[in-house]
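This report refers to the structure that appears directly beneath it.
The values are calculated or read from the model by the stated rules, or taken from the named source; none is laboratory data. Everything quoted here is computed from the prediction, not taken from an experiment. Note that each Cβ is placed from the backbone with ideal geometry, even for glycine, and that neighbours are counted across all protein chains shown. Only protein heavy atoms, including side chains, enter the accessible area calculation; ligands, DNA and RNA are left aside. Shrake-Rupley method; radii C 1.70, N 1.55, O 1.52, S 1.80 Å.
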Amino acid sequence: MTRMQSLDENFPIQRQLQVDAAPVVLINLFTLDPADESRFLEVWSRDAEFMKRQPGFISTQLHRALGDSVTYLNYAVWESNEAFRAAFNHPDFRAQVAAYPASAVARPHLFQKIAVAGICTA
């Protein structure tokens, strides 16, 4: 089963889930033992297939760190935090989390786009 740790100890995912916001971006940083990499990818793929079927899901992309680092970053876009919260708390998703390798550590955090003049738009 994957363990969850906070990217920001002052505002863990449980508190983030309570914020009303739209749209939201989930950034989830995973670390794991190299021996568990293929199992991790199998389970993550099943999770992604489940999430793709949930209302409010927009997109996801998994990235692998360069070189020998067995670190993955998942980037997922949702129409709203309400939609993500429903999917995240769904019993089928919660059961799937238990299938991750024991070495896997997930660090999920929710974000919103911001505008920076002359650089990016919200």
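With a/c under 1.5 counting as rounded, go ahead and sort the range 26-122 into rounded, prolate or oblate using the C-alpha gyration tensor (a ≥ b ≥ c being the square roots of the eigenvalues; past the cut-off, prolate if a/b is larger than b/c, else oblate).
Working: a/c = 2.46, a/b = 1.27, b/c = 1.95.
Oblate, because a/c is 1.5 or more while a/b does not exceed b/c.
How much mean residue ellipticity at 222 nm does the chain get from its helices, if each DSSP H run of length 4 or more adds -39500 (n - 2.57) and you divide by all residues, to the nearest 500 deg cm²/dmol?
On the way: 4 runs with 35 residues, N = 122.
Taken over the chain, the calculation gives -8000 deg cm²/dmol.
Tally up the carbon and sulfur contribution to the accessible surface of the chain as a whole percent, 1.4 Å probe, everything protein left in place. Numbers along the way, then the final one.
Values: 3900 of 7090 Å².
About 55 percent, which is the carbon plus sulfur part of the accessible surface.
Evaluate the charge dipole of the chain about its Cα centre and quote only its size in Debye, nearest 20, assuming +1 on the Cβ of each Lys and Arg and -1 on the Cβ of each Asp and Glu.
Dipole size: approximately 160 debye.
Between R64 and R94, take the C-beta separation as r, use R0 = 25 Å, and let me know the FRET efficiency to the nearest 0.05.
Efficiency at R0 = 25 Å is approximately 0.50.
Which residue, Q14, V105, L62, has the largest displacement toward the positive end of the dipole of the chain when charges sit on each Cβ (Lys, Arg +1; Asp, Glu -1)?
So the residue furthest toward the plus end is Q14.
If you filter the range 22-107 for trypsin sites (Lys or Arg not before Pro), then keep DSSP loop positions with at most 14 other Cβ within 10 Å, what is left?
Answer by residue number: R53.
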